[in-house]
Structures are given as C-alpha cells and as structure tokens.
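The values are calculated or read from the model by the stated rules, or taken from the named source; none is laboratory data. What you are looking at is a predicted structure, and each value in this text was computed from that prediction instead of being measured. All Cβ positions, glycine included, derive from the backbone under ideal geometry; neighbour counts span all protein chains shown.
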Amino acid sequence: MLVADYNSDTLILFLAPEVENSLSETKNTITRIYSGDQTLAYHFAGLPEPQKGPLNLNSAQIAELNGLLLRTGFKAELAPDTQAKFVIGYVDSISAHPDSDHLHIAQVKISEDKLVQIVSGSPNLASGVKTVVCLPGAIMPSGKIIWPGQLRGIDSYGMMAAPRELALKNAPDHAGMIILPDDFAEIGDSFNFEKANQLEFNN
C-alpha cells in the first residue's frame, strides 16, 4: 500500500501505519521512517511542488522516486497503488459484534465479486443500502489516513463515512453514515464528491 500526501513543502509517502518508538534516518533530502526492517514512510524534501494534499502517483512518478531512493542510498521499494480509495459500496449483511452493544459487523460489497468486512458503530447502519466506503489508504479531509485494523478484536477493512467526515456541503450535524440514492452510482465506482455536494442528507 502507498499513500502519498504533499504538505508543508514535503512529499510524504506512507507505506504502513505509524507505530510507537519508530526510528528515522536521513540521507540528503530524504528521510526514512522505520520500525525494525519495515519502512513506515519516506519524506522527500525539496521536490518540485505538485498540488497540495493527497496525490495519486502513476507508475512513471513511482519509478522516478525509486531512482531517487537508489541514488541516495536507500532501497527502491515503492510500488504504485492505483486503486480508488473512496468507492460506492453496498451493505450486503450485518451482524452483532460479540463484544459490543453498539458496534456491528457489516459485509460490504465494493465490486461485483468482492466483499469486505467493516466494523461500524453508525446508528443508521442497515443492510440493502448503498454508501461510501473509505478503503485503506484513503486520506480523509481531516488528514486522517484509513488503515486496516481491528475494533474490539474484529478485523475491519476501511470505514463507512458520515457526510461530515467527508466535509460534504450539506452534511448534517448528527452522526450516521451516508446512505446514497440507489441511482447515485454503481457498486465499485469511485465516489463523486462534486455530485455528492448536491445531495440533501436526511438520514
């Protein structure tokens, strides 16, 4: 997995979630953040400024960065990640969480042949609805990065977002995941933020 963000004049590539007591090493303008043998992130300073915020790097850009890593004395370990991170999902089924009275386990379809498991505490969670799935690698408007994880011991692959978590124009103040009109888009499509800004959310 590769998450790219340009902020404060630095290109930051996240390869894994942050951990406590991580270490760093800097060579020239590149800093590697790591724990044990695992690279967690690279910071590239002084590169030509792209757009601010999250970036979708293509294969040529990744190859260029790998070349820069090699020339600086690091390992070329970057791989392109072109999967959309905000997609239309369909809640196929839900079940109770064995260790919580407010969390539920949802099986969510993100393509015609792929289901992912997401643990959710949304008060309006229901089966048979379309929603927005923020997959691992998504960078939320708050800057938070979504990673695979566990909630109360149950694996969770991403999250189902509320309108306000995606900073949508007509987001209500109350909690609750987005429930999309059935004709908004097809399952697996990339989420269209501009189109969603035209929605009125009543759920």
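Test Gly188 against the stated conditions and say whether it is at pLDDT below 90 and in contact with a Ser or Thr (Cβ under 6 Å, 6 or more places away or on another chain). Taking the combined requirement at face value, the residue does not satisfy it. Within the stretch 145-165, not a single residue is modelled with pLDDT under 95, in contact with a helix residue (DSSP H, G or I) (Cβ under 7 Å, 6 or more places away or on another chain) and not in a helix (DSSP H, G or I). Filtered by the rule that a residue be assigned to a strand (DSSP E or B) and either of a type in the set (Val, Ile, Thr) or under 30 Å from Asn7 (Cα atoms) (or both), the stretch 121-139 gives Thr131, Val132, Val133, Cys134, Ile139. For the residues Asp81, Asp173, the requirement of being surrounded by 13 or more Cβ atoms within 10 Å (Cβ to Cβ) and among the acidic types (Asp, Glu) singles out Asp81.
Here is a yes/no grid of residues against (1) more than 24 Å from Pro141 (Cα to Cα); (2) modelled with pLDDT under 90:
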residue	(1), (2)
Asn56	no, yes
Leu70	yes, no
Asp81	no, yes
Ala96	yes, no
Ser100	yes, yes
Lys114	yes, no
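Which condition number does Ser142 fail, the rest of (1) surrounded by 13 or more Cβ atoms within 10 Å (Cβ to Cβ); (2) among the polar types (S, T, N, Q); (3) in contact with an Asp or Glu (Cβ under 9 Å, 6 or more places away or on another chain) being met? Looking at each condition in turn, Ser142 falls short on (1). Among the residues of this structure, Ser24 does not count as one that is loosely packed, with under 12 Cβ neighbours inside 10 Å and closer than 19 Å to Ile139 by Cα.
Taking the conditions exactly as written (among the aromatic types (Phe, Trp, Tyr), surrounded by 14 or more Cβ atoms within 10 Å (Cβ to Cβ) and more than 28 Å from Ser190 (Cβ to Cβ)), does Phe14 satisfy them or not?
Working: among the aromatic types (Phe, Trp, Tyr): yes; surrounded by 14 or more Cβ atoms within 10 Å (Cβ to Cβ): yes; more than 28 Å from Ser190 (Cβ to Cβ): no.
No; evaluated as a whole, the condition is false for this residue.
Give the residues of the stretch 98-120 that are part of a loop (DSSP other than H, G, I, E, B), touching a residue at least 24 places away in the same chain (Cβ under 8 Å) and within 15 Å of Ile154 (Cα to Cα), sorted by residue number.
Correct list: Pro98, Asp99, Ser100, Leu103.
Scanning the stretch 166-191 for residues that are in contact with a strand residue (DSSP E or B) (Cβ under 9 Å, 6 or more places away or on another chain) and either more than 20 Å from Val108 (Cα to Cα) or part of a loop (DSSP other than H, G, I, E, B) (or both) returns Met177, Ile178, Ile179, Pro181, Asp182, Phe184, Ala185, Glu186, Ile187, Gly188, Asp189, Phe191.
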